[in-house]
(Lines give C-alpha, C1' and ligand atoms only; values in the text may rest on other atoms or scores of the structure.)
Protein backbone atom coordinates (compact mmCIF):
# COMPACT_ATOMS: atom_id res chain seq x y z
CA UNK A 1 0.00 0.00 0.00
CA UNK A 2 1.25 3.46 -0.91
CA UNK A 3 0.25 6.27 1.43
CA UNK A 4 0.70 8.99 -1.18
CA UNK A 5 -2.01 10.13 -3.58
CA UNK A 6 -1.51 8.15 -6.82
CA UNK A 7 -2.59 10.94 -9.16
CA UNK A 8 -0.23 13.42 -7.49
CA UNK A 9 2.64 10.94 -7.81
CA UNK A 10 1.89 10.49 -11.51
CA UNK A 11 1.63 14.27 -11.97
CA UNK A 12 4.98 14.71 -10.19
CA UNK A 13 6.58 12.22 -12.59
CA UNK A 14 5.02 14.04 -15.55
CA UNK A 15 6.43 17.34 -14.29
CA UNK A 16 9.91 15.84 -13.92
CA UNK A 17 9.79 14.52 -17.47
CA UNK A 18 8.53 17.91 -18.67
CA UNK A 19 11.44 19.65 -16.95
CA UNK A 20 13.90 17.27 -18.64
CA UNK A 21 12.32 17.93 -22.03
CA UNK A 22 12.42 21.68 -21.42
CA UNK A 23 16.10 21.63 -20.45
CA UNK A 24 16.94 19.67 -23.59
CA UNK A 25 15.02 22.17 -25.71
CA UNK A 26 12.26 19.83 -26.90
CA UNK A 27 9.42 22.04 -25.60
CA UNK A 28 8.99 25.78 -25.11
CA UNK A 29 8.38 27.73 -21.90
CA UNK A 30 4.69 28.19 -22.74
CA UNK A 31 4.23 24.44 -23.30
CA UNK A 32 5.95 23.71 -20.03
CA UNK A 33 3.65 26.10 -18.14
CA UNK A 34 0.58 24.57 -19.81
CA UNK A 35 1.68 21.10 -18.74
CA UNK A 36 2.32 22.31 -15.17
CA UNK A 37 -1.20 23.79 -15.03
CA UNK A 38 -2.75 20.61 -16.47
CA UNK A 39 -0.94 18.34 -13.99
CA UNK A 40 -1.13 19.93 -10.51
CA UNK A 41 0.81 18.46 -7.61
CA UNK A 42 -0.62 18.87 -4.11
CA UNK A 43 2.52 17.79 -2.22
CA UNK A 44 4.45 20.08 0.07
CA UNK A 45 8.20 19.70 -0.34
CA UNK A 46 10.51 21.96 1.69
CA UNK A 47 13.67 23.47 0.23
CA UNK A 48 17.08 21.82 0.59
CA UNK A 49 18.11 23.77 3.70
CA UNK A 50 14.99 22.71 5.60
CA UNK A 51 15.58 19.10 4.52
CA UNK A 52 19.18 19.15 5.73
CA UNK A 53 18.13 20.79 9.00
CA UNK A 54 15.42 18.19 9.61
CA UNK A 55 17.87 15.39 8.85
CA UNK A 56 20.43 16.74 11.32
CA UNK A 57 17.71 17.27 13.93
CA UNK A 58 16.51 13.68 13.45
CA UNK A 59 20.04 12.31 13.87
CA UNK A 60 20.62 14.40 17.01
CA UNK A 61 17.29 13.31 18.53
CA UNK A 62 18.10 9.68 17.76
CA UNK A 63 21.54 9.97 19.38
CA UNK A 64 20.12 11.73 22.45
CA UNK A 65 17.46 9.03 22.78
CA UNK A 66 20.08 6.30 22.51
CA UNK A 67 22.20 8.10 25.12
CA UNK A 68 19.27 8.59 27.49
CA UNK A 69 18.28 4.95 27.25
CA UNK A 70 21.90 3.99 27.74
CA UNK A 71 22.07 6.08 30.91
CA UNK A 72 18.83 4.59 32.23
CA UNK A 73 20.11 1.06 31.79
CA UNK A 74 23.78 1.71 32.60
CA UNK A 75 24.01 -1.23 34.99
CA UNK A 76 22.93 -3.69 32.34
CA UNK A 77 24.92 -2.14 29.45
CA UNK A 78 26.17 -5.48 28.18
CA UNK A 79 22.65 -6.85 27.94
CA UNK A 80 20.83 -3.76 26.69
CA UNK A 81 23.20 -2.17 24.15
CA UNK A 82 22.65 -4.93 21.61
CA UNK A 83 18.89 -4.59 21.94
CA UNK A 84 19.05 -0.80 21.52
CA UNK A 85 21.17 -1.11 18.38
CA UNK A 86 18.78 -3.68 16.92
CA UNK A 87 15.81 -1.42 17.78
CA UNK A 88 17.27 1.67 16.11
CA UNK A 89 18.49 -0.33 13.12
CA UNK A 90 15.12 -1.96 12.57
CA UNK A 91 13.25 1.33 12.96
CA UNK A 92 15.40 2.91 10.25
CA UNK A 93 14.72 -0.10 8.00
CA UNK A 94 10.98 0.25 8.57
CA UNK A 95 11.12 3.82 7.25
CA UNK A 96 12.67 2.50 4.03
CA UNK A 97 9.84 -0.01 3.45
CA UNK A 98 7.46 2.27 1.58
CA UNK A 99 4.99 -0.39 0.42
CA UNK A 100 4.47 -1.81 3.92
CA UNK A 101 4.22 1.41 5.97
CA UNK A 102 0.79 0.91 7.52
CA UNK A 103 1.72 -2.58 8.72
CA UNK A 104 5.13 -1.73 10.16
CA UNK A 105 5.13 1.98 11.09
CA UNK A 106 2.92 3.91 13.46
CA UNK A 107 -0.30 4.98 11.80
CA UNK A 108 0.51 8.63 12.49
CA UNK A 109 2.98 8.68 9.59
CA UNK A 110 0.36 7.46 7.15
CA UNK A 111 -2.23 9.90 8.47
CA UNK A 112 0.24 12.79 8.20
CA UNK A 113 1.01 11.90 4.59
CA UNK A 114 -2.65 11.55 3.63
CA UNK A 115 -3.91 14.67 5.42
CA UNK A 116 -1.03 17.12 4.99
CA UNK A 117 0.36 15.95 1.61
CA UNK A 118 3.98 15.95 2.72
CA UNK A 119 6.75 14.41 0.64
CA UNK A 120 10.53 14.35 1.13
CA UNK A 121 10.61 16.01 4.55
CA UNK A 122 14.18 15.63 5.79
CA UNK A 123 15.30 12.22 7.03
CA UNK A 124 14.56 9.40 4.69
Completion exercise
residue 122: passes all of (1) loosely packed, with under 14 Cβ neighbours inside 10 Å; (2) at pLDDT below 90 but (1)
Problem - Condition check for residue 32: assigned to a helix (DSSP H, G or I) and at pLDDT below 75 - result: no
Exercise for the section: Report yes if some residue within the range 48-58 is in contact with a helix residue (DSSP H, G or I) (Cβ under 8 Å, 6 or more places away or on another chain) and part of a helix (DSSP H, G or I); otherwise report no. Expected result: no
Exercise for the section: Test residue 43 against the criterion of being at pLDDT 75 or above, closer than 30 Å to residue 10 by Cα, surrounded by 11 or more Cβ atoms within 10 Å (Cβ to Cβ) and in contact with a strand residue (DSSP E or B) (Cβ under 9 Å, 6 or more places away or on another chain), and give yes or no. Expected result: yes
Fill in the blank from the handout: Only one of (1) loosely packed, with under 11 Cβ neighbours inside 10 Å; (2) closer than 30 Å to residue 13 by Cβ; (3) modelled with pLDDT under 85 does not apply to residue 72, and that is (2)
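The values are calculated or read from the model by the stated rules, or taken from the named source; none is laboratory data. Please read these numbers as outputs of a predicted model, since none were measured by experiment. Please note: Cβ atoms are built from the backbone with ideal geometry, for glycine as well, and neighbour counts cover all protein chains shown.
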